[in-house]
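The values are calculated or read from the model by the stated rules, or taken from the named source; none is laboratory data. Being a predicted model, the structure only gives us computed values, none of them experimental. As a convention, Cβ positions derive from the backbone with ideal geometry for all residues, glycine included, and neighbour counts pool all protein chains shown. In case anyone asks, the SASA skips ligands and DNA or RNA and just uses the protein heavy atoms, side chains included. Shrake-Rupley method; radii C 1.70, N 1.55, O 1.52, S 1.80 Å.
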Amino acid sequence: MTRNASSTRMQVESSRCDAPLRLSEGKRYDVNWNANTTRERVKKSWNAFGGVQVKPLVREVSLDNLPLEIAYEVDGVHVYLDLPNALTLLGDDGERAHARLLRFLHILMRVAHLVFQRTDAVKVDLQSTRLHFVIFRPYDSAAARVRAAVAIAALLRDALLAGNALHGELSDARVVVGIESGKALAVRNGTRGDREPLFLGNPANHAAKLTGTAKSAGIYLGTVARSALGPAFASANPSANPLSAAQIEACSKEAKLAVTRETVSRAWDEERKDHPISTFEFSRITPPLSGFDLDRLSPSNTKRQELVVMYGDIDGFTKYVSDAIATGRGATAVRVLHLIRKELRDVLNDFGGRKLRYIGDCIQGLIANGTAFTTDAESSVLDAVMCASAMRSAFSVIRTEVPDASSLGLQIGLELGPVAVTRLGVQGSRDRCVIGTASTHAERAQADCKGNETAIGIAAYGAGPQLLRDAFGPTRKSTEIDFDRLAARLDRARSSSAARYGAGPSIPNAVRPRAYCE
């Protein structure tokens, strides 16, 4: 595997030493967030998205090219295929472990592309190790859609499991599939290179949750999907009972797909030979990340370094969308979504971070400080937490300025660690992807939050300055991580340091702390 010399090992500037924390003399914090900035952006965005329309999907429409102001109400079946033991597959978080898993996912995406071309399935996106696709044809038969979903999921699952033996590297990979049916709103991202359709509402959310709550590998159907197939598929506890082999075979037989297990198995073997592990070459991004062009990413241009991964999820939005669909207010829900996601992205950019992608109503971002060769762990964590605090305060402004958003919350999770960032799949249809235990832990931290909480992973907790550990407390979760309160903590810390070590007079703005050893 060819690698940039700077990435042969993960380098991190250490900020842990015996000397106490000393704050930069007279240096203002890089970003001084204020409510007025967000207030003006929110007003502008709310007006810009005023023309959103929701239309029923009643004819052939390419969901890949939806105008930003159009959303379609889609009655379809959502499928999530995931590797629930991703942390085990990542192993020691080393280069080879990352390359193995990326290669595995890259081949999955290429084989899935072949299957989607020959069936009615439409790819939505790859969310780290979780593939999401939807089936909304035939329009007049929910049962036919569910059977097709089961059959396609079984094909891809079998290909993955067969791939274990072919690779000899991921022999412990497990596969879990979640499937649910119902109405959702299809919208599109508005940024270049990131224009896949996104689906908002119960079926997508419930299908994803089935993969997270499943106790064992298998294909799990939600209540609505089971109902479409009749009494023989009923279950009092769908998340605990995967489909039997006989039920899967019955669906596959009825679906009559134009692709077979043999075709998929052969395609997997060919992709494995065409894409050896050496396909993935690692190098680094020079911080800040905000100006990096993610469209340049590919297997041969994969970035790998220690950074902070952040997830910000709109709490209560799934029910909000479902209620909006039922009451004919879907356009308002889409308008609120676009506004919130844009402001969270803008705050992330303010702090030198980079939005990797939107995952439904969740933003996935990256932050790192340092040089082309090293990551300053303490500074990166502080910037990420300051960014999270500004997101929290910006969200409060949104709730005040936009009454339609007042019932929503924001869950934020972040973690520090070595991650690989790339784009996977076939040329012209690649998905942005980040893998690493930091990404997995950040997502889990976010999911464990309530709508007013921010959580920090154990590695970031240890790498950040003491004032952050004081702010989060031993649970590493807090309802008090807003910008004003955190900035006040930083001011007090600097004032104390200045008095003890002669660092100069205090200033009334937050400053960036940087440790050094004397």
> Restricting the search to segment 432-481, which residues are open to solvent by less than 30 Å² (accessible area, probe 1.4 Å) and over 19 Å from the mean Cα position of the chain (by Cα)?
Replying inline: ALA463, GLY464, PRO465, LEU467, LEU468, ALA471, PHE472, GLY473, SER478, ILE481
> Out of segment 461-484, which residues are more than 22 Å from VAL347 (Cα to Cα) and among the β-branched types (Val, Ile, Thr)?
Replying inline: THR475
>> If the requirement is being free of Cβ contacts under 8 Å to residues at least 12 places away in the same chain, more than 22 Å from ASP125 (Cβ to Cβ) and open to solvent by 10 Å² or more (accessible area, probe 1.4 Å), which of these qualifies: ASP323, ASP350?
In response: ASP323
>> For segment 230-240, give me each residue that is open to solvent by less than 70 Å² (accessible area, probe 1.4 Å), modelled with pLDDT under 95 and either part of a loop (DSSP other than H, G, I, E, B) or among the hydrophobic types (A, V, I, L, M, F, W, C) (or both).
In response: SER235, ALA240
>> Scan segment 305-312 and tell me whether some residue there is aromatic (Phe, Trp, Tyr) and at pLDDT 95 or above.
In response: yes
>> Testing ALA377 on (1) touching a strand residue (DSSP E or B) at 6+ places or on another chain (Cβ under 6 Å); (2) surrounded by fewer than 24 Cβ atoms within 10 Å (Cβ to Cβ), one condition comes back false. Which one is that?
In response: (2)
> Out of all the residues in segment 310-318, is one or more more than 29 Å from SER429 (Cβ to Cβ), open to solvent by less than 30 Å² (accessible area, probe 1.4 Å) and of a type in the set (Gly, Ala, Ser)?
Replying inline: no
> Got a sec? Which helices (runs of 4 or more DSSP H) wholly within segment 360-475 have at least 3 residues that are free of Cβ contacts under 8 Å to residues at least 60 places away in the same chain?
Replying inline: 377-401, 458-463, 466-472
>> Quick check on my filter: what residues within segment 326-338 are open to solvent by less than 20 Å² (accessible area, probe 1.4 Å), more than 23 Å from ALA447 (Cβ to Cβ) and of a type in the set (A, V, I, L, M, F, W, C)?
In response: VAL334
> in contact (Cβ under 8 Å) with a residue 60 or more places away in the chain, of a type in the set (Lys, Arg), touching a Pro at 6+ places or on another chain (Cβ under 9 Å) and open to solvent by 10 Å² or more (accessible area, probe 1.4 Å) - does that describe any residue in segment 150-157?
Replying inline: no
> Listed residues THR286, THR302, THR211, THR263; which is within 19 Å of ARG423 (Cα to Cα), of a type in the set (Ser, Thr, Tyr) and either in a helix (DSSP H, G or I) or open to solvent by less than 30 Å² (accessible area, probe 1.4 Å) (or both)?
Replying inline: THR302
>> Please count how many residues of segment 189-229 are modelled with pLDDT of 85 or more and out of contact with any Lys or Arg (no Cβ under 6 Å at 6 or more places or on another chain).
In response: 28
>> Residues that are open to solvent by 20 Å² or more (accessible area, probe 1.4 Å) and among the hydroxyl-bearing types (Ser, Thr, Tyr): list the helices (runs of 4 or more DSSP H) wholly contained in segment 26-123 that include at least 1 such residues.
In response: 35-48, 86-90
> Are there any pairs with C-beta distances below 6 angstrom linking a residue in segment 248-261 that is aliphatic (A, V, I, L, M) to a residue that is outside any helix (DSSP H, G or I), with the two at least 6 apart or on different chains, and if so which?
Replying inline: LEU257/THR119; ALA258/ARG118; VAL259/ARG118
